[in-house]
Amino acid sequence: MTRQAEVDKGPADTRQRSAATEPSDRSLPIGVFDSGVGGLTVLRALREQLPNERFVYLGDTARLPYGTKSPQSVTRYSLQAADLLVRRRIKYLVIACNTASAVALDALRERYAPLPVMGVIEPGAHAACAASTTRQIGVIATEGTIRGGAYQRAIMARLPDATVIGQPCSLFVALAEEGWTTGPIVEAIARRYLDAMFDQHPAIDTLLLGCTHFPVLTEALGKVLREGVRLVDSAHTTAVALQLALQERGLLRTDSPGSVQLLATDNAERFARVGSLFLGEPFARDDVEIVDLGW
């Protein structure tokens with residue numbers, strides 16, 4: 001892990017267009033941002049798939065969760081987070097947040113063109129479509145992601161005759177943030193959510209994890225999931241999609257060990273404690289740089 005001591009002040013006005021340019025240096029890092037620690041599951045998958053890449057991860061812990069915010073606020077927060085990463089010079093921007101991917105992807109691509117930007121919605125939808133044989137696909141996510149319908153639209157664009165059932169599972173975020181990933185309480189809540197979905201739609205054969213917090217609950221979900229239902233995690237499919245995109249642009253880094261720099265907007269101690277679970281390896285508060293995005 002890498003730490004920098006200075007606090008980086010974010011711009012007060014995010015309406016100003018970015019000065020991002022077409023990346024040509026494969027040694028530049030990949031910028032990744034999320035509303036908090038959930039996106040570390042995406043970072044974990046990215047590091048496993050791309051071990052030679054450098055990553056700068058930003059968790060907007062001062063303003064999480066994004067899933068309960070208005071689309072206008074989510075877009076503003078996303079632009080502010082991306083502005084900071086772009087100023088640090090990156091070759092690719094990954095939105096490791098389902099809500100931000102659903103709401104702000106177009107705004108981010110417009111602002112930072114020609115810098116390439118990838119969200120988690122499209123890779124996740126692609127994987128769910130490939131996994132399903134009944135074309136009955138369930139999506140569990142935050143209320144904001146389900147309400148916005150981004151996964152539903154992305155799946156239907158690929159499988160027009162599919163049935164997509166969305167189930168908000170807001171308590172999963174709180175459980176994951178507290179580190180409660182297994183045990184009777186977690187399984188009881190998971191059963192309550194999933195029974196509500198499968199009782200009405202028993203033909204569902206694929207369940208898409210539409211929130212980056214949810215992969216840490218996979219063990220509990222597996223214990224209550226009905227037999228034969230496939231779990232699809234957008235983190236892994238995003239990592240594969242990014243690898244292909246880097247190869248196509250000639251930006252894949254293969255000649256040096258990778259690295260990670262962790263940034264957060266509040267509470268480095270909690271970010272390290274909870275984030276270690278999501279990243280799959282321990283790190284300390286001193287590995288986290290606190291930055292200010294502006295309000």
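When you go through (1) without any contact (Cβ under 8 Å) to a residue 12 or more places away in the chain; (2) in the same structural domain as L175 (by TED's automatic domain parsing); (3) of a type in the set (D, E, K, R) one by one for R109, which number turns out not to apply?
(2)
For residues in the stretch 20-58 being in the same structural domain as K91 (by TED's automatic domain parsing) and acidic (D, E), which is farthest from P116 (Cα to Cα)?
E48
Restricting attention to the stretch 211-225, which residues are free of Cβ contacts under 8 Å to residues at least 40 places away in the same chain and out of contact with any strand residue (DSSP E or B) (no Cβ under 9 Å at 6 or more places or on another chain)?
Within the stretch 211-225, the subset free of Cβ contacts under 8 Å to residues at least 40 places away in the same chain is 218-225.
Once the filter is applied, which keeps residues that are free of Cβ contacts under 8 Å to residues at least 40 places away in the same chain and out of contact with any strand residue (DSSP E or B) (no Cβ under 9 Å at 6 or more places or on another chain), the stretch 211-225 yields E219, A220, K223, V224.
Please give the number of the condition G222 fails out of (1) modelled with pLDDT under 95; (2) assigned by TED's automatic domain parsing to the domain that holds R54.
Among (1) modelled with pLDDT under 95; (2) assigned by TED's automatic domain parsing to the domain that holds R54, G222 violates only (2).
In the stretch 136-145, how many residues are at pLDDT 95 or above and surrounded by fewer than 23 Cβ atoms within 10 Å (Cβ to Cβ)?
The qualifying residues number 1.
Which ones in the stretch 243-259 are hydrophobic (A, V, I, L, M, F, W, C), in contact (Cβ under 8 Å) with a residue 12 or more places away in the chain and out of contact with any Leu (no Cβ under 7 Å at 6 or more places or on another chain)? Talk me through it step by step, then tell me what you get.
Taking the stretch 243-259 as the starting set, the residues that turn out to be hydrophobic (A, V, I, L, M, F, W, C) are 244-246, 251-252.
With in contact (Cβ under 8 Å) with a residue 12 or more places away in the chain added as a condition, the list becomes 245-246, 251-252.
Listed by number, the residues that qualify are A245, L251.
Which of the residues belonging to the stretch 173-205 are among the aromatic types (F, W, Y) and either loosely packed, with under 13 Cβ neighbours inside 10 Å or out of contact with any Cys (no Cβ under 7 Å at 6 or more places or on another chain) (or both)?
Taking the stretch 173-205 as the starting set, the residues that turn out to be among the aromatic types (F, W, Y) are 180, 193, 198.
W180, F198 - these are the residues of the stretch 173-205 that are among the aromatic types (F, W, Y) and either loosely packed, with under 13 Cβ neighbours inside 10 Å or out of contact with any Cys (no Cβ under 7 Å at 6 or more places or on another chain) (or both).
Among the candidates L209, L251, which residue alone is in the same structural domain as G280 (by TED's automatic domain parsing) and either hydroxyl-bearing (S, T, Y) or closer than 21 Å to V94 by Cα (or both)?
Numbers: L209 fails: in the same structural domain as G280 (by TED's automatic domain parsing).
Checking each option against the conditions leaves just L251.
Mind checking which residues of the stretch 250-270 are assigned to a helix (DSSP H, G or I) and modelled with pLDDT under 95?
R270
Which residues, counting only those in the stretch 59-89, are of a type in the set (A, V, I, L, M, F, W, C) and under 16 Å from R111 (Cβ atoms)?
Of all residues in the stretch 59-89, those of a type in the set (A, V, I, L, M, F, W, C) come to 62, 64, 74, 79, 81-82, 84-86.
Correct list: V74, L79, A81, A82, L84, L85, V86.
From the list L171, L231, which one is in contact with a helix residue (DSSP H, G or I) (Cβ under 9 Å, 6 or more places away or on another chain), closer than 19 Å to V37 by Cα and without any contact (Cβ under 8 Å) to a residue 60 or more places away in the chain?
Details: L231 fails: closer than 19 Å to V37 by Cα.
The conditions single out L171.
For the stretch 54-77, enumerate the residues that are in contact with a strand residue (DSSP E or B) (Cβ under 7 Å, 6 or more places away or on another chain) and either of a type in the set (A, V, I, L, M) or over 20 Å from G275 (Cα atoms) (or both).
Listed by number, the residues that qualify are V56, L58.
The values are calculated or read from the model by the stated rules, or taken from the named source; none is laboratory data. The structure presented is a predicted model; accordingly, all values stated were derived computationally and were not measured. Note: ideal-geometry Cβ built from the backbone for every residue, glycine included; neighbour counts use all protein chains shown.
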